[in-house]
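The values are calculated or read from the model by the stated rules, or taken from the named source; none is laboratory data. All of these numbers come straight from a predicted model, not from anything done at the bench. Cβ coordinates were reconstructed from backbone atoms using ideal geometry, including for glycine residues, and neighbour counts include every protein chain displayed.
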Amino acid sequence: MSVAEILIINGPNLNLLGQRQPEIYGYDTLASIEDKCVSLAQTLGVSVRFEQSNHEGAIVDFIHDARIKSAAIIINAGAYTHTSAAIHDALKTFDGYIIELHISNPHARDEFRHHSWISPVANAVMAGAGAYGYELATRLAVEKIAAAS
């Protein structure tokens with residue numbers, strides 16, 4: 001029996017976590033967040049695959065690939081959250097559980113960040129928990145995968 005996979009997608013500028021606006025995003029790097037999620041996933045009996053791209057088409061490709069390989073997607077689409085109908089449409093083709101994730105609370109920030117193209121196709125939205133939100137989202141995804149089995 002294969003282990004369920006959770007795909008964690010990270011959008012533009014998230015490769016700069018720990019360096020870019022730490023007063024908003026904190027000091028954790030994407031690599032340290034990935035390490036924590038991989039370790040947590042192992043203890044919960046699933047696998048986690050991390051992807052990051054600054055390019056919208058690559059994110060769409062990650063989602064298409066997940067249709068075959070993944071039971072859940074956790075997506076922090078960064079600024080594409082507020083602009084990408086393409087990512088929205090790709091997520092609509094995914095049959096597993098989808099969690100929209102934000103390190104900060106977009107509703108407490110610039111007005112243009114208040115609209116999400118991801119929310120209408122997500123099963124859950126997690127925002128404002130900092131880097132710890134990735135671990136919370138991983139736990140939720142595992143729970144939903146188990147419930148669907």
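Provide a single number: the residues in region 52-68 that are of a type in the set (A, V, I, L, M), closer than 12 Å to ALA86 by Cβ and in contact (Cβ under 8 Å) with a residue 12 or more places away in the chain.
Our first condition is that a residue be of a type in the set (A, V, I, L, M); within region 52-68, this holds for 58-60, 63, 66, 68.
Right, trim to closer than 12 Å to ALA86 by Cβ and you get 58-60, 63.
Add one more test, that the residue is in contact (Cβ under 8 Å) with a residue 12 or more places away in the chain, and what stays is 59-60, 63.
Going through region 52-68 one residue at a time, the tally reaches 3.
Any chance you could count how many residues in region 83-129 are under 25 Å from ILE24 (Cα atoms), exposed (fewer than 15 other Cβ atoms within 10 Å of the Cβ) and of a type in the set (Asp, Glu)?
So the answer is 2.
Name every residue in region 2-17 that is outside any helix (DSSP H, G or I) and surrounded by fewer than 16 Cβ atoms within 10 Å (Cβ to Cβ), in order of residue number. Let's see the steps before the verdict.
Filtering region 2-17 for residues outside any helix (DSSP H, G or I) gives 2-13, 17.
Residues satisfying the conditions are SER2, VAL3, ASN13.
For ASP61, are the conditions met, namely being in contact with a helix residue (DSSP H, G or I) (Cβ under 9 Å, 6 or more places away or on another chain), assigned to a helix (DSSP H, G or I) and over 18 Å from LEU30 (Cα atoms)? Talk me through it step by step, then tell me what you get.
Values: in contact with a helix residue (DSSP H, G or I) (Cβ under 9 Å, 6 or more places away or on another chain): yes; assigned to a helix (DSSP H, G or I): yes; over 18 Å from LEU30 (Cα atoms): yes.
So ASP61 passes the test.
Among the numbered criteria (1) closer than 23 Å to GLY128 by Cβ; (2) modelled with pLDDT under 95; (3) not in a helix (DSSP H, G or I), which single criterion is violated by LEU101?
(2)
Of all residues in region 115-149, which are farther than 17 Å from ALA71 by Cα, touching a residue at least 24 places away in the same chain (Cβ under 8 Å) and in a helix (DSSP H, G or I)?
PRO120, GLY133
Please indicate, with yes or no, whether at least one residue in region 19-42 is in contact (Cβ under 8 Å) with a residue 24 or more places away in the chain, aliphatic (A, V, I, L, M) and in a loop (DSSP other than H, G, I, E, B).
Checked against the condition, which is being in contact (Cβ under 8 Å) with a residue 24 or more places away in the chain, aliphatic (A, V, I, L, M) and in a loop (DSSP other than H, G, I, E, B), region 19-42 yields no hits at all.
Among the residues of region 13-44, count how many are at pLDDT 90 or above, under 19 Å from ILE75 (Cα atoms) and not polar (S, T, N, Q).
Summing the residues that are at pLDDT 90 or above, under 19 Å from ILE75 (Cα atoms) and not polar (S, T, N, Q) in region 13-44 gives 13.
Checking the conditions here, which among ALA66, ALA79 is of a type in the set (Gly, Ala, Ser) and modelled with pLDDT of 95 or more? Reasoning before the result, please.
Details: ALA79 fails: modelled with pLDDT of 95 or more.
Exactly one residue qualifies, and that residue is ALA66.
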